[in-house]
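K.L.:
Sending over a structure as structure tokens; questions will come in a sec.
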Amino acid sequence: MLNNQKIVFSGIQPSGNLHIGNYIGAISQWIEMQKKYNCIFCIVDYHAITVKQDPAILSKKIIEIAKIYIASGIDTQKSFIFKQSDISEHAELAWILNCASARINDLNKMTQFKDKAGQNNVSVGLYDYPVLMAADILLHETDFVPVGDDQVQHVELCRVLAKRFNNQFGQTFKIPELIIKKYGARIMGLDNPNIKMSKSAISPANYIAMTDKPEMAVKKIMRAVTDSGNEIKFDKINKPAISNLLVIYSLLSNQSIEHLEKIYINKNYSDFKKDLANVVSEFLKQFQKKYNNISDKEVENILEKSAKALKPKTDVVLKKVKEKIGVSL
Ligand code: TYM
């Protein structure tokens, strides 16, 4: 049950392969926050269908993401894990926000849409995706939204939409705050440190998936692109590849970047990568031991129970919104 602590809401799309970038940028923050707050973690399946999905794979991915949340350390006794499509108020509120607050000019500014759409004739849903994300956040009266760097613009838009609605219809929505990590908010690709690590990357050499075999992860680290020179130093401009590997090393081993720089002062890239490969492989082994012990049935029960527990509150919030816009008689 929700108590009177502040509310944290975040989500991940069940598409592609969830990777250590998602873990470091988003999930690791969630694990810390659940100690202090009411936490609601969503599997955003309606966001996933903004691009083409194979239905059989999508339903497997939903289960997989829930298992990843749990095996990463989300405590289902305390926090909620639910599937977006199980609470239809998300889609309903998105429609109301589309009409009452969101403007074409807002959506035209979204850089992620421009990157994803390119010149293709993409779905209307992909364009409208940030409004559904705003609905997710506002429906649960969220205080804090912990995300990676690529979602900052979307959370800012959510705040704009909420304030615009409140201005027109009177105080309705709580204005959420963005929570982002100082390091690790944008983990870059192992094959190219100038593009982010991405679930939808064409080459698997770009990312380390949470479900990659540890031996495979070792190979990917050893083959990761490095910079010229041989110094192991955090310098995002001149050493983007080593800086990215240092951030991964630091956050997965709980050692500061400064400490790592000192350890590797007289060592070369190969020594550094071997140790990092070991850290990543150990991290995956621990994680996968838990992951492999979670059954599909267990996950289905958790998703169902969470949606049931959250629904009464989302009903109340949507009812209030409907009254404000004049469709509730
Ligand atoms: P998604 O599924 O693309 O990504 C999930 C989370 O992982 C973060 N992330 C990264 N962090 C560090 N380095 C990276 N390379 C990296 N790649 C991804 C993302 O910033 C995100 O936090 N629209 C969202 C899901 C969403 C949501 C919401 C989030 C839907 N509704 C409401 C918060 C609140 C998305 O597509 O994330």
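Read-outs: derived from the displayed coordinates by stated rules, not from any lab. As the structure is a computational prediction, the values presented were derived from the model and not from experiment. Counting neighbours? That spans all protein chains shown, and the Cβs are built from the backbone with ideal geometry, glycine included.
K.L.:
Return the residues of segment 24-42 that are surrounded by 16 or more Cβ atoms within 10 Å (Cβ to Cβ) and either among the basic types (Lys, Arg) or more than 8 Å from the ligand (Cβ to nearest atom) (or both); say none if nothing qualifies.
P.N.:
SER28, GLN29, TRP30, ILE31, MET33, GLN34, TYR37, ASN38, CYS39, ILE40, PHE41
K.L.:
Among residues belonging to segment 158-190 that are small (Gly, Ala, Ser) and under 30 Å from ILE20 (Cα atoms), point out the one that is farthest from the ligand (Cβ to nearest atom).
P.N.:
GLY189
K.L.:
Scan segment 173-197 for residues that are touching a residue at least 24 places away in the same chain (Cβ under 8 Å) and over 20 Å from ILE242 (Cβ atoms) and report the count. Quick ask: steps written out before the conclusion?
P.N.:
Start the filter on segment 173-197 by keeping residues that are touching a residue at least 24 places away in the same chain (Cβ under 8 Å), which leaves 173-174, 176-181, 183-188, 190-194, 196-197.
Among the residues that remain, those that are also over 20 Å from ILE242 (Cβ atoms) are: 173-174, 176-180.
The number of residues fulfilling the criteria is 7.
K.L.:
Is at least one residue of segment 89-100 touching an Asp or Glu at 6+ places or on another chain (Cβ under 8 Å), away from the ligand (no atom under 12 Å from the Cβ) and either assigned to a loop (DSSP other than H, G, I, E, B) or touching a residue at least 12 places away in the same chain (Cβ under 8 Å) (or both)?
P.N.:
Yes; the residues of segment 89-100 include at least one that is touching an Asp or Glu at 6+ places or on another chain (Cβ under 8 Å), away from the ligand (no atom under 12 Å from the Cβ) and either assigned to a loop (DSSP other than H, G, I, E, B) or touching a residue at least 12 places away in the same chain (Cβ under 8 Å) (or both).
K.L.:
Scan segment 121-151 for residues that are near the ligand (Cβ under 10 Å from one of its atoms), part of a loop (DSSP other than H, G, I, E, B) and of a type in the set (Ser, Thr, Tyr) and report the count.
P.N.:
Of the residues in segment 121-151, 1 are near the ligand (Cβ under 10 Å from one of its atoms), part of a loop (DSSP other than H, G, I, E, B) and of a type in the set (Ser, Thr, Tyr).
Table: residues versus (1) within 21 Å of the chain's Cα centre (by Cα); (2) farther than 24 Å from LYS83 by Cβ.
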residue: ALA100; (1), (2): no, yes
residue: GLY125; (1), (2): yes, no
residue: HIS140; (1), (2): yes, no
residue: THR172; (1), (2): no, yes
residue: ILE187; (1), (2): yes, yes
residue: LEU190; (1), (2): yes, yes
residue: SER203; (1), (2): yes, yes
residue: MET210; (1), (2): yes, no
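K.L.:
If you don't mind, there's one more thing I want to ask. I'm trying to understand the selection: among the residues of segment 43-73, which are more than 14 Å from the ligand (Cβ to nearest atom) and β-branched (Val, Ile, Thr)? Working first, answer last.
P.N.:
From segment 43-73, those more than 14 Å from the ligand (Cβ to nearest atom) are 52, 54-57, 59-60, 63, 67, 70-71, 73; that's our starting set.
Passing the criteria: ILE57, ILE63, ILE70.
K.L.:
Condition (residue is more than 9 Å from the ligand (Cβ to nearest atom) and surrounded by fewer than 18 Cβ atoms within 10 Å (Cβ to Cβ)) applied to segment 6-20: is it met by at least one residue?
P.N.:
Looking through segment 6-20, at least one residue is more than 9 Å from the ligand (Cβ to nearest atom) and surrounded by fewer than 18 Cβ atoms within 10 Å (Cβ to Cβ).
K.L.:
Of the conditions (1) among the hydroxyl-bearing types (Ser, Thr, Tyr); (2) in contact with a Leu (Cβ under 7 Å, 6 or more places away or on another chain); (3) surrounded by fewer than 13 Cβ atoms within 10 Å (Cβ to Cβ), SER228 satisfies every one except a single condition; which number is it?
P.N.:
(2)
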